[in-house]
């Protein structure tokens with residue numbers, strides 16, 4: 001069973017609208033939770049990174065939240081733009097050892113004009 | 001460009017052939033990771049280097065896969081006797097030592113096995 005689950009799998013919204021992507025995780029203990037943006041055929045690019053003690057982190061039009069008690073995170077995108085079309089991946093970094101990243105399957109977001 | 005680079009960007013090979021990919025991390029980063037991503041899925045961890053030492057390998061890394069980082073700088077990932085199931089994007093990432101540092105990803109190598 002995947003330790004990081006995301007919903008929805010895909011989402012289509014109109015340019016200018018807001019949206020919220022969800023992430024549930026079971027990885028424990030963890031060092032931090034990250035949201036990455038991945039354009040088709042490219043490597044992931046970090047949007048936000050939060051430790052377990054942080055509740056929210058913003059990066060421009062992107063705002064991530066974290067509830068370590070319920071093991072849930074969300075990524076809110078405000079005033080979407082066509083360039084926001086991409087996959088958004090929730091990632092949890094293990095605390096120990098290699099601190100490898102455990103990825104969700106991603107949400108494919110499409111912004112239509 | 002001081003980011004993570006990977007070569008080649010695309011590789012098409014016939015089943016049974018051997019392939020080798022290269023990753024050049026950000027120069028001062030001690031940690032180097034390899035991940036594999038199949039279509040529609042998130043990346044999965046393959047292996048991790050701390051300098052030249054390979055410290056962790058995933059069960060995904062069968063005996064046909066071998067990775068090296070001989071001088072603690074660039075790394076290579078070799079796949080022997082490729083199979084169609086090896087078709088994927090192979091991503092390399094690097095980070096500084098310590099806890100909680102961001103991993104910076106390269107553009108990936110897209111492998112297609114015919």
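Pick from the range A:41-69 the residues that are farther than 14 Å from residue A:92 by Cβ and assigned to a loop (DSSP other than H, G, I, E, B): which of them is nearest to the other protein chains (Cβ to nearest Cβ)?
So the residue we want is A:43.
If I ask for residues that are farther than 18 Å from residue B:20 by Cβ and either surrounded by fewer than 17 Cβ atoms within 10 Å (Cβ to Cβ) or within 17 Å of the chain's Cα centre (by Cα) (or both), which ones from the range B:95-113 would you list?
Listed by number, the residues that qualify are B:95, B:96, B:97, B:98, B:99, B:100, B:102, B:103, B:104, B:105.
For the range B:7-29, what are the residues that are surrounded by 16 or more Cβ atoms within 10 Å (Cβ to Cβ) and either away from chain A (no Cβ under 14 Å) or farther than 16 Å from residue B:112 by Cα (or both)?
B:13, B:19, B:23, B:24, B:25, B:26, B:29
Looking at the range B:52-70, can you tell me whether even one residue there is free of Cβ contacts under 8 Å to residues at least 60 places away in the same chain, surrounded by fewer than 21 Cβ atoms within 10 Å (Cβ to Cβ), assigned to a loop (DSSP other than H, G, I, E, B) and at positive phi?
no
Consider residue B:40 against the criteria (1) surrounded by 15 or more Cβ atoms within 10 Å (Cβ to Cβ); (2) without any contact (Cβ under 8 Å) to a residue 24 or more places away in the chain; (3) within 14 Å of chain A (Cβ to nearest Cβ): it satisfies all of them except one. Which criterion is unmet?
Tallying (1) surrounded by 15 or more Cβ atoms within 10 Å (Cβ to Cβ); (2) without any contact (Cβ under 8 Å) to a residue 24 or more places away in the chain; (3) within 14 Å of chain A (Cβ to nearest Cβ), residue B:40 fails exactly one: (1).
Any idea which of (1) under 12 Å from the mean Cα position of the chain (by Cα); (2) in contact (Cβ under 8 Å) with a residue 40 or more places away in the chain; (3) within 28 Å of residue B:97 (Cβ to Cβ) is the one residue B:79 doesn't satisfy?
So residue B:79 meets the others, but not (3).
Taking the criterion of being assigned to a loop (DSSP other than H, G, I, E, B) and either within 11 Å of chain A (Cβ to nearest Cβ) or touching a strand residue (DSSP E or B) at 6+ places or on another chain (Cβ under 8 Å) (or both), would at least one residue in the range B:43-51 satisfy it?
Yes; the residues of the range B:43-51 include at least one that is assigned to a loop (DSSP other than H, G, I, E, B) and either within 11 Å of chain A (Cβ to nearest Cβ) or touching a strand residue (DSSP E or B) at 6+ places or on another chain (Cβ under 8 Å) (or both).
On the basis of being in contact with a strand residue (DSSP E or B) (Cβ under 9 Å, 6 or more places away or on another chain), assigned to a strand (DSSP E or B) and farther than 26 Å from residue B:27 by Cα, does residue B:112 make the cut?
Working: in contact with a strand residue (DSSP E or B) (Cβ under 9 Å, 6 or more places away or on another chain): yes; assigned to a strand (DSSP E or B): yes; farther than 26 Å from residue B:27 by Cα: yes.
Here the answer is yes, as residue B:112 does meet what is asked.
Quick one: is residue A:87 over 24 Å from residue A:40 (Cβ atoms) and within 14 Å of another protein chain (Cβ to nearest Cβ)?
Values: over 24 Å from residue A:40 (Cβ atoms): no; within 14 Å of another protein chain (Cβ to nearest Cβ): yes.
The answer is no for residue A:87.
Within 12 Å of another protein chain (Cβ to nearest Cβ) and under 12 Å from residue A:90 (Cα atoms): is that true of residue A:29 in this structure?
no
I need the full set of residues from the range B:69-83 which are modelled with pLDDT under 95 and touching a strand residue (DSSP E or B) at 6+ places or on another chain (Cβ under 9 Å), in order please.
Correct list: B:70, B:72, B:73.
What number of residues within the range A:79-112 are surrounded by fewer than 16 Cβ atoms within 10 Å (Cβ to Cβ) and at pLDDT 95 or above?
From the range A:79-112, those surrounded by fewer than 16 Cβ atoms within 10 Å (Cβ to Cβ) are A:79, A:81-83, A:95-97, A:110, A:112; that's our starting set.
Now narrow it down to the ones that are at pLDDT 95 or above: A:79, A:81-83, A:110, A:112.
Summing the residues that are surrounded by fewer than 16 Cβ atoms within 10 Å (Cβ to Cβ) and at pLDDT 95 or above in the range A:79-112 gives 6.
Scan the range A:90-105 for residues that are more than 7 Å from chain B (Cβ to nearest Cβ) and in a loop (DSSP other than H, G, I, E, B) and report the count.
Residues that pass the stated criteria total 2.
The values are calculated or read from the model by the stated rules, or taken from the named source; none is laboratory data. Since the structure is predicted, the reported quantities are computational estimates derived from the model, not experimental observations. As a convention, Cβ positions derive from the backbone with ideal geometry for all residues, glycine included, and neighbour counts pool all protein chains shown.
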